[in-house]
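Following: one structure in structure tokens, then a few remarks.
Here, each number is a calculation from the coordinates, and none is a lab measurement. Please read all numbers here as calculations on a predicted model, not as lab measurements. Virtual Cβ from ideal backbone geometry, glycine too; neighbours counted across all protein chains shown.
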Amino acid sequence: MIIRCRASAQTCDFVGVNVIYVVVNMPPELGGQVFAGEEKAPMKILLKQDVVGVGMAGDIKEVANGYARNYLIPEGLAIPANKGAEKQAAQIKETADRQRDRERQAAMSVADKLAELSLNFSARAAETDRLFGSITASDIAIAVEQASGEEIDKRQIMLDQPLRQLGTHQVPIRLMADVIPEVTVIVEREGGEIETGEYEEAEEIPPLIEAAVEVVEELEEQREEQIEVEPEA
């Protein structure tokens, strides 16, 4: 959810819903109070760019009024679908199709390169092959860039959860909706086999490390939530 605040009016619009909420002073998580305001009718828009979950460039869609006013239109992703929108939509579609073809060709070239990659990680692990820690999407994105020169956003790494086992893993990377190559990730034991005496002492380490990793990952997700603040006019 995206929250847009107007510092001068001390109000916020919650994007993605039809009801505009007036927030007194600050958002509720920062101590403000929320009051439901006037319900707004959906807005018909013409998409200028592809928007995940909404449509493709050139599509005419109806979306929540606040979502259109506060995000899609200000970000240049859409315009109000007024008279003559159908003709304009056809032009946008044609331009977008040409651009999409160019992007797909470039993505396929990158996909061929990524499919040949084999990324090697070393990590401490118990006798059960479970890691003392994990290999995250961010780790894989950095390794991909170092190995191939291709910059990949960690959000393109399609991991349901970080890798926590030794072994070979096939990890998909979403370049486009229909271009998803897989890279080979090999996680090897750091320093060879664990000796029995070492393992008895190390047995209680994994739960502590896993708990710390989970806290860090949760904090990273919270930090990545989009909260946009509009400056005063």
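Couple of notes before you dig in:
- Distances between every pair of Cα atoms in the stretch 34-171, grouped in 10 Å steps from 0 to the bin holding the largest one, split as 10, 26, 21, 21, 16, 6, 1 percent.
- When each of the peptides 96-106, 166-176 is scored by the mean number of other C-beta atoms lying within 10 Å of its residues, the order from highest to lowest reads 166-176, 96-106.
- For the pair Asp97 and Ser138 in one chain, pulling the backbone fully straight at 0.36 nm per residue adds 11.6 nm over the alpha carbon distance.
- Take each peptide in 64-70, 125-131, count the other Cβ atoms within 10 Å of every residue, and average; sorted highest first, the result is 64-70, 125-131.
- P(r), alpha carbons of the stretch 61-100 - 5 Å bins starting at zero, rounded %: 6, 21, 24, 23, 20, 6, 0
- Cα-projected label distance for Glu150 with Ala106, points at 7 Å along beta-carbon direction, nm: 1.3 nm
- Gyration tensor (alpha-carbon) shape descriptor, the stretch 122-197, a/c threshold 1.5: prolate
- Placing +1 on the Cβ of every Lys and Arg and -1 on the Cβ of every Asp and Glu, with nothing else charged, gives the stretch 100-165 a dipole about its Cα centre of roughly 140 debye.
- When peptides 42-48, 71-77 are sorted by average Cβ neighbour count within 10 Å, with the highest value leading, the order is 42-48, 71-77.
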